[in-house]
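The block underneath contains the structure these notes are about, expressed in structure tokens.
The values are calculated or read from the model by the stated rules, or taken from the named source; none is laboratory data. For clarity, every value in this text was computed on a predicted model and none was experimentally measured. Note that each Cβ is placed from the backbone with ideal geometry, even for glycine, and that neighbours are counted across all protein chains shown. Heads up: the accessible areas ignore ligands, DNA and RNA and are worked out on the full protein's heavy atoms, side chains in. Shrake-Rupley method; radii C 1.70, N 1.55, O 1.52, S 1.80 Å.
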Amino acid sequence: MSESSNTSLNHQLSQYVFRSILSTVGASIYVLADSFFVAQKMGVLGVAVMNLSMPLFNVMDGLGFLLGMGGGTLFTIYQIQDRKRSTKTYTQTVIMGLIIGLVFTLLGILWALQISHLLGANQTTFKMIFQYVQTVLLFGPGFIFNNLLLGFIRNDHGTKTAMFAMTISSLANIFLDWLFILRLDMGMVGAGLATSFSPIISILIILTHFRKKENHLKLVSHPFILSDLRQTFSIGLPSFLTEMSTGFGIFIYNWVFLKVSGNNAVAAYGIAANVLLVALALFTGVAQGIQPIVSQEYAHRNFKTIKHGLHFGLIIAELLGIVCLAFVCFNSHLIIDFFNAASNLKVINLANSGMKLLLISLLFSSLNVVFNIFFSAISNSYISIAMVILRGYIFPLVIVALSAKLAGIQGVWLSLTVIELVTFIIELIAWTIVKGKMKHNDFSIG
């Protein structure tokens, strides 16, 4: 690439990444704002409740990413190769989103009690968890469609609209939390309503994209193309499994900390998990920002630009990881106090000793998140799927238990860093293999 084209590409990547980061961080504020306002009203027990409920959001967001990232990537490829088929891909993805969203509503009506117990509700926390979980489940279609539509409009040159939608909806979420929890004293139901209204506000803003002349997202009548549906799931599966793995990890840690030290330990972990949630949203924003350009260049078989996009994403994500870790190291007491209005000493001691150990993992998770979505964007989704299964499911089950036996609670805090480091080494090996194939013009789909 020439110097001028390099500069132009960097400018485009910067715009996409910046807008995507605002969108993904905006999405993470749904739970962050709830945790803060719940902590102000209900103390650290409320933080524990929010953390126990968090895996539910990972499930819903993950399914939205499955459809949005998978369908959006396939849409971009077909926009270059077969425009009529790109419209069909969008239509059947929307239909799948509607079906999945309604399933969550049904779960909220019929099985909210069982889901609350599964998430770790005990005699102390059950009522609050049940109220929150049931409220959020009833609005399940909003969470699914928000991530679905965001994925498509980013791939239809609507990154500015996506950024605006998530920013406004996040601000609305903060205001509604203040209104429902602090002013109207609606407790966990109020927290659930504030969170659930936010994606709906985002969707209303996203709909303005469909009035633009450059919009290519149109619903058409046609039978399902099963091969495209499989391809959508295949491409989007790494994003789904990545989001789900965050929930699975939180679920595992919640149960371990409950067993070790009860609700106070879960609250301490919840404080760290909220920071982790925002950091992972930053990294996901970087990865989703480079994805449309990488997918487009993959369709054109342009190896140099693909590699440049990856390197750009890795550098930005790592810098963000360093900044986040430094902020935590120098401001740990400020962060703890933010979620611990009642100054619970047990929570302060647990969080202060463990949070820094847990968040060293950001130095490696920043790179792993970019690699994961990158492999999916170049249709090597089998690598992404394998890595997510290792990083998000197998390693936590093995390494967390082993770390606890070897080093007790400190080992549990440090285990996430070990998981991310081992994953990063394997990701580098995978990229070396893929890079070698691309250099020889082998762009075979995995």
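Checked against (1) within 30 Å of V256 (Cα to Cα); (2) without any contact (Cβ under 8 Å) to a residue 40 or more places away in the chain, L138 passes all but a single condition, namely (2).
Rundown of residues vs (1) assigned to a helix (DSSP H, G or I); (2) in contact (Cβ under 8 Å) with a residue 24 or more places away in the chain; (3) among the β-branched types (V, I, T); (4) open to solvent by 10 Å² or more (accessible area, probe 1.4 Å), yes/no style:
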site: I21; (1), (2), (3), (4): yes, yes, yes, yes
site: I29; (1), (2), (3), (4): yes, yes, yes, yes
site: M42; (1), (2), (3), (4): yes, yes, no, yes
site: L52; (1), (2), (3), (4): yes, yes, no, no
site: G68; (1), (2), (3), (4): yes, yes, no, no
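Considering only residues in region 400-429 that are closer than 14 Å to V256 by Cβ and hydroxyl-bearing (S, T, Y), the one that is least open to solvent (accessible area, probe 1.4 Å) turns out to be S415. Any idea which of L280, L310, L345, L357 is touching a Phe, Trp or Tyr at 6+ places or on another chain (Cβ under 6 Å) and open to solvent by 20 Å² or more (accessible area, probe 1.4 Å)? Step by step, each of L280, L310, L345, L357 is checked, and only L357 is touching a Phe, Trp or Tyr at 6+ places or on another chain (Cβ under 6 Å) and open to solvent by 20 Å² or more (accessible area, probe 1.4 Å).
When you look at R230, is it within 30 Å of K435 (Cβ to Cβ), open to solvent by 30 Å² or more (accessible area, probe 1.4 Å), part of a helix (DSSP H, G or I) and out of contact with any helix residue (DSSP H, G or I) (no Cβ under 7 Å at 6 or more places or on another chain), yes or no? When the stated conditions are applied, R230 passes them. Here region 210-248 is the region considered, the condition is being out of contact with any His (no Cβ under 7 Å at 6 or more places or on another chain) and acidic (D, E), and the residue that is farthest from G392 (Cα to Cα) is D228. Scanning region 248-255 for residues that are small (G, A, S), crowded, with 20+ Cβ neighbours inside 10 Å and closer than 15 Å to N147 by Cβ turns up nothing.
Show me the helices (runs of 4 or more DSSP H) found entirely inside region 105-209 where at least 1 residues are under 30 Å from F18 (Cβ atoms), small (G, A, S) and open to solvent by less than 30 Å² (accessible area, probe 1.4 Å).
Once the helices (runs of 4 or more DSSP H) in region 105-209 are filtered for at least 1 residues that are under 30 Å from F18 (Cβ atoms), small (G, A, S) and open to solvent by less than 30 Å² (accessible area, probe 1.4 Å), what remains is 140-154, 159-177, 187-206.
Taking the criterion of being open to solvent by 20 Å² or more (accessible area, probe 1.4 Å) and closer than 21 Å to T284 by Cβ, the residues of region 320-334 that qualify are L320, I322, V323, C324, L325, A326, F327.
When L350, L397, L390 are checked against the criterion of being more than 15 Å from the chain's Cα centre (by Cα) and surrounded by 24 or more Cβ atoms within 10 Å (Cβ to Cβ), a single residue qualifies: L350.
Residue-wise test of (1) farther than 26 Å from Y90 by Cβ; (2) out of contact with any Gly (no Cβ under 7 Å at 6 or more places or on another chain); (3) among the small types (G, A, S); (4) modelled with pLDDT under 95.
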| position | (1), (2), (3), (4) |
| --- | --- |
| N173 | yes, yes, no, yes |
| D185 | yes, yes, no, yes |
| S196 | no, no, yes, yes |
| L204 | no, yes, no, no |
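Applying a threshold of 6 Å to beta carbon distances and a minimum spacing of six or more residues, or different chains, the list of pairs starting in region 83-97 at a residue that is farther than 14 Å from L66 by Cα and ending at one that is open to solvent by less than 20 Å² (accessible area, probe 1.4 Å) reads S86/F75.
What residue, of K405, K437, is in contact with a helix residue (DSSP H, G or I) (Cβ under 9 Å, 6 or more places away or on another chain), farther than 19 Å from V275 by Cβ and charged (D, E, K, R)?
K405
Per-residue answers, yes or no, for (1) touching an Asp or Glu at 6+ places or on another chain (Cβ under 7 Å); (2) free of Cβ contacts under 8 Å to residues at least 24 places away in the same chain:
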| site | (1), (2) |
| --- | --- |
| S361 | yes, no |
| L367 | yes, no |
| V370 | no, no |
| S384 | no, no |
| I399 | no, yes |
| L406 | no, yes |
| M438 | no, no |
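Does L63 count as crowded, with 21+ Cβ neighbours inside 10 Å and within 29 Å of G270 (Cα to Cα)? Against the criterion (crowded, with 21+ Cβ neighbours inside 10 Å and within 29 Å of G270 (Cα to Cα)), L63 qualifies.
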